[in-house]
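So the structure is just underneath, and the comments pick up after that.
Read-outs: derived from the displayed coordinates by stated rules, not from any lab. Computed from a prediction, not measured in an experiment: that's the story for all the values here. All Cβ positions, glycine included, derive from the backbone under ideal geometry; neighbour counts span all protein chains shown.
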């Protein structure tokens, strides 16, 4: 592209901010005098907010990166972004831990003859790749590229690179490939795509197996949509699943299915709705192909009551805008494709396709393959037909089912080149390692779904000698003397954007970091004959004594985020286990086997077995066992031959009690609230807590009285708030040993409480900033006191560490530094400079993000006005995907918290203690 | 038979204790010193690493250290009870025990005073608790029970020291007369030139009365204030009005038991049988029995209040104490503090020193366990069920606890060899 | 010329003391040494109550008001709200005042004792008069 255009675009995308990535001599270590403030560059104490896109999972949420003194210190969901609109999940929050991960590859490495990795320069490394590519080509061996899911310009560049260098691009690897769904839609409508579901447009949502709030395609986006939907009157959400997921816990009603009976349920619904004659009729050949499932049969197979099944059909019929989403566990089964097909039919039958199910805005999964492709790769490797194998931003070695024996077969490739970020066990299987830059260090774009373009722009200089994938491909092209139009990937991107977008769009893209593009309508036609052929012959599985469900984990996605320490520190929302693997089991089943939490059992399926501690999971079906999928890579799970999807429900599992117990960090002291009303029983709504008589006169607040409201109807227990709090407030990550002793440091935690029926409620618990705080008067040195704005302040410098305040806190939200907090380099660069570091021996706790209040106050003072409502957003509230947490001034009668705190649903936890918390919870319903 | 000969014999008998120490004494002293040094080492380790080396956790922020603090303050109580309260009540048997009991008070307070320091997160700034203005002219928070503790314990310590010293003054003068060499000079200085003139005796008598009058409310108040560390809080099981009398009774119970534990071997080793009679032991055993009954009553009242009050937090907590994670300790406490002392209703057992000694050991154990159960169960099982947790002491805490006993007995052994263990000038009145 | 009487037994000593007093010996002339506290002596000599009682009174009152003043002053000098309680929270301040009453009362009493009993005798601290096991009466030189 023209140099003039480039510079123009550069100016557009960089603004007045610094130009990270431009300075080559960043380690010059020159001290800059700030006598004369620089026009652009690092201003101490002033933070920059840059747009970017999250790369921690394929969802592609928009980010706002807070950059302070040249370091990214906080990620926030980008408000208005079409994918996440402001929220960010705990994995997104933890993405900074990947950026500053101590185990990141710092430079290219090559394995020497002795199997040791030796550093080499990029120049040497790339030359080696080019030579090996050439040699393999001459030997007639295939050069392959296996990449994780890419979208946008990088995909194009990758294709270009492959074409030019004769590298065969394999279908991209994702373990959550949604292959069954895509194949089913392909069969039914000729569109092998993953559509975009519009929960916010529905009045009845029936989700089957799809873990919408954990890992399914775009969890933050779906949580956001859910929060919009639930504000409509009469919104109902039914979730059917064999196990217990966070998604199920948040549905209006959770329908517990026998494993494998999803297809039976769908067949029944299809037939029942068809026979009602109210909805559009299905083609006859399809009807004939449908397995005939009567209500009785369906009840027997699914385990649901006949009456409930009938009612479900009626609910679907009565709903004006029903939406069905099947996926996840429901399609990760031997009959998963059938389930997906039946779901597609029901969607068609009830008229959701095209309205609440948008293929025009399909999620960008077309380039993603399935495990069949990995199987094929394994075969080719075995036949010694692979020369150079490039693996980019994917970890098939750790994720693929053990049956494929990929690590063994990998060795047959001529040269295994890994483009990855962490020097972990999988990385050690490669011959040549090329360190990948973190998305926050790179230029790029993403198209998470059709019609959404999201910007990646470096927020800081690369910490290590790393490159982005785009830079590597361009560099390789150049070295092979192939035409590479651009000098850098940045220029390549600018060129693409310049060509595709007009002036106004470019401007918008640069400013807001994302762009909504018009999409073309996708014509869909039900291909009845093809579908009927595929439906036939599929039968419903029969439940075995023990079924084992490998549930996807909200903490690590498919396991990729498991290496981020913060995500092990945060407990699993349902079991509250932080460190360690566990086997979830129904309390009744455990009682029958005389098992308690932490008792070891041996689980075996086929020739695989594992010894795991038990964790009781209220609400789980008695015959179902549950393991977090990411925690069990060694299980040799079968692959569904029809869809190429990983089968994640095992039947005929054997269970053996071992008689000993293991250490397992379970953070909850009890999964029941023992009738204490932390989350009020919905049956007692009318009960108005009696007005507390006060012993002391209330003390006044002058201008501000900060308060928070937490809407439990919106809270989904995803713990994004807790993760955001960790990062914002430099909360130390203390590790497994201290977790086993009950010394986690979280300032904000999600407390799941289960009722008798196993229904879960989630309570975010943080410092309640009580008006009459029990922690304050017991402090001998005034380290805890009530400030004039209603904050319960903890002065670290005064604290002598008597821990009396923590003892006297009824909410138990204070945290003591048992050790000197450790930040393994370069993690210390992540610390928020606005906050005091705490030493050992000091009590700490939630401050209501006092540094953010201070920032807002400074701004308001500069502009000579009071702080506006909504101007202070706490880190937890910012991150919340559903916007459940609001913060503001209780003295301002126009503020949201004032209104919410006076709502009929408002209550305060342990109000009867007279502590007068500043955190108001809004009960469900 | 208030004869000169009897007085002379008394002096000889008592001062025999100050003779060159024997093999067993030195061995005992060495063992105690070793325990103490070990604890110092462990404290150093804790200081260098952080409080993480203890078993303390969230939500149990107070454990063995505070248990030890309350325990040793409790032990310190019978000293004042015997020397001050029984003085005012003119109980004659008090002179058999008062010196040892007063010394015990001081040593127990010295040990007790260490524990708030050991338990602090940042002991290097412990002086923040003292009443002085910081560089920002901020004073300590006088609303905090911990500051009351600072005042109560230091007041108690100072008053006890004065009381002890005053009582020792005439005896030091006797030691001055009866010993020679450097020791005579030391006792000479310490006795401040006491001659026993009627002018000195007159002031002595008055001061003794005043101090007894000042110390008597301290018996009630010091452990009341220690109990308010808990009672002022909001926790179920701590927040109760019965705590002050309950703690005072418990303190006297454990202190009395400790006096028996100290004096029974002392009487035997120093052959003080003529001066400390079985009758005296019986009298003190009755105090033990009485306070045990009061403590048992308090246990009952606690449960009664919890269940009659029908507060769900209280009810659950008291259920947890008896049947939860720490139930073994709870029942051990009931057996040691409530059931075993009941046997002292039998006169024969009351007068059997070996039995009395054994009962006292059990009561001491029981009272330590009582404080542990009380402190830890309330913290482990309070309002928010999510935050419930259990605490197990670490070997560092156990080591430091053993070391505190080492320090206490070491100090007492040194006392036995340096100060007349019976109040000679008082006993002379009785002869 | 002083006369010294030495007795081994308390009764003999008391008899002699009574005799001396009846014979008109002034109580200021008498110097008595006893191995233990004999309140009867004070009764015989009809000694005035003495000033020692003033010390605990002054000390105690000083402690009480000093304690109260300290706590109130410090609370007001930097009024920080804790737990919604008033800045001047009298109940806890009374505890401090009470403890200081006892502390200063005791210390003042002890100081008064040392003062009134003329202890320590610094001049002959290392070689004081003997604290004897005998009852001794010293009658100072009789004036005509």
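Below are the figures for this structure:
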{"quantity": "Packing-based exposure ordering (other Cβ within 10 Å, fewest first) of C:139, B:396, A:727", "calculated": "C:139, B:396, A:727"}
{"quantity": "Debye intensity ratio in log₁₀ form over the Cα atoms of the range A:63-109, taken at each q of 0.20, 0.23, 0.28, 0.33 Å⁻¹", "calculated": "-0.72, -0.84, -1.01, -1.15"}
{"quantity": "Scattering curve values for the range B:92-248, log₁₀ I(q)/I(0), Debye with Cα scatterers, q = 0.09 Å⁻¹", "calculated": "-0.44"}
{"quantity": "For A:798, B:371, C:118, order by how many other beta-carbon atoms lie within 10 Å, fewest first", "calculated": "C:118, A:798, B:371"}
{"quantity": "Distance between modelled label sites at residue B:165 and residue C:65, nm, 7 Å Cα→Cβ extension", "calculated": "2.8"}
{"quantity": "Hull-based mean projected area of the range A:441-562, where the convex hull spans the alpha carbons, in square nanometres", "calculated": "15.0"}
{"quantity": "Nearest-0.05 FRET efficiency for residue A:103 and residue A:376, computed from C-beta distance (R0 25 Å)", "calculated": "0.20"}
{"quantity": "Cα Rg over Rh - the range A:687-819, Kirkwood", "calculated": "0.98"}
{"quantity": "In degrees, nearest ten, helix B:4-15 long axis to first principal axis of chain B (Cα)", "calculated": "40"}
{"quantity": "As computed over the range A:196-252, the Cα convex hull volume per residue (Å³)", "calculated": "68"}
{"quantity": "Overall dimensions of the range B:227-313 as given by Cα atoms, namely Rg and Dmax in Å", "calculated": "17.8, 57"}
{"quantity": "Rough spin-label spacing in nm, given labels placed 7 Å along Cα→Cβ, for residue A:822 and residue A:403", "calculated": "4.1"}
{"quantity": "Span per principal axis, largest first, for the Cα atoms of the range B:60-104 (Å)", "calculated": "45, 17, 10"}
{"quantity": "Per-selection metrics, the range B:26-168 (Cα): Rg and Dmax in Å", "calculated": "18.0, 54"}
{"quantity": "Chain A: antiparallel DSSP beta bridges as a percent of all, rounded to 5", "calculated": "60"}
{"quantity": "Using distinct alpha-carbon pairs, which all enter the 1/r mean, Kirkwood radius of the range C:15-144 in Å", "calculated": "19.0"}
{"quantity": "Kirkwood Rh (inverse of mean 1/r, distinct Cα pairs), the range A:228-296, angstrom", "calculated": "14.1"}
{"quantity": "Share of pairwise Cα separations in the range A:376-511, more than 25 Å, in percent", "calculated": "42"}
{"quantity": "Mean projection area, nm², convex hull over Cα of the range A:831-870", "calculated": "3.8"}
{"quantity": "For chain C, built as a Gaussian network whose Cα springs stay under 10 Å, the top-fluctuating residue of C:74, C:34, C:101", "calculated": "C:74"}
{"quantity": "Sites residue A:502 and residue A:896 - FRET efficiency at Förster radius 25 Å, r taken between beta-carbons, to 0.05", "calculated": "0.05"}
{"quantity": "More than 30 Å apart - percent of Cα-Cα pairs taken over chain B", "calculated": "45"}
{"quantity": "Spread of Cα-to-Cα distances over 10 Å intervals beginning at zero, given as percent, for the range B:325-431", "calculated": "12, 25, 31, 21, 9, 3, 0"}
{"quantity": "Linear extension gain, residue A:297 paired with residue A:674, 0.36 nm per residue minus alpha-carbon span", "calculated": "131.8 nm"}
{"quantity": "Protection-proxy order for peptides B:313-319, A:112-118, C:45-51, each taking the mean of Cβ atoms within 10 Å per residue, highest first", "calculated": "B:313-319, C:45-51, A:112-118"}
{"quantity": "Linear extension gain, residue A:699 paired with residue A:854, 0.36 nm per residue minus alpha-carbon span", "calculated": "53.5 nm"}
{"quantity": "Relative contact order (%) - criterion: Cα under 8 Å, at least six apart; region: the range A:333-453", "calculated": "24"}
{"quantity": "Calculated FRET value between residue A:127 and residue B:31, using beta carbons and R₀ = 51 Å, to 0.05", "calculated": "0.10"}
{"quantity": "Pairwise label distance in nanometres, residue C:73 with residue A:757, each label 7 Å out on the Cα-Cβ vector", "calculated": "6.7"}
{"quantity": "Translational D in µm²/s for the range A:720-798 (Stokes-Einstein at 37 °C, 0.692 mPa s, Kirkwood Rh from C-alpha pairs)", "calculated": "218"}
{"quantity": "Highest to lowest packing among A:425-432, B:322-329, A:359-366, A:62-69, scored as the average C-beta count within 10 Å", "calculated": "A:62-69, A:359-366, A:425-432, B:322-329"}
{"quantity": "D_trans [Stokes-Einstein, Kirkwood Rh over alpha-carbon pairs] for the range A:280-403, 25 °C, 0.890 mPa s, µm² s⁻¹", "calculated": "133"}
{"quantity": "The range A:829-911: translational diffusion in µm²/s, Stokes-Einstein, Kirkwood Rh over Cα pairs, 4 °C, 1.567 mPa s", "calculated": "86"}
{"quantity": "Cα-Cα pairs of the range B:207-276 separated by more than 21 Å (percent)", "calculated": "50"}
{"quantity": "Computed over the range A:719-856: relative contact order in percent, which uses C-alpha pairs under 8 Å that are six or more apart", "calculated": "24"}
{"quantity": "Per-selection Rg to Rh, chain A - Cα, Kirkwood hydrodynamic radius", "calculated": "0.96"}
{"quantity": "Neighbour-count ranking [beta-carbon atoms within 10 angstrom, fewest first] of B:24, A:819, A:473", "calculated": "B:24, A:819, A:473"}
{"quantity": "Binned Cα-Cα distances of the range A:129-233, short to long, each 10 Å bin given as a whole percent", "calculated": "12, 28, 27, 17, 10, 4, 1"}
{"quantity": "Length-normalised contact order for chain A - Cα pairs under 8 Å, 6+ apart - percent", "calculated": "15"}
{"quantity": "Distance-filtered residues of the range B:372-395 - backbone nitrogen under 13 Å, label point 7 angstrom along residue A:661 Cα→Cβ", "calculated": "B:390-392"}
{"quantity": "Extended-chain gain in nm, criterion 0.36 nm per residue less alpha-carbon gap, residue A:611 and residue A:137", "calculated": "165.9 nm"}
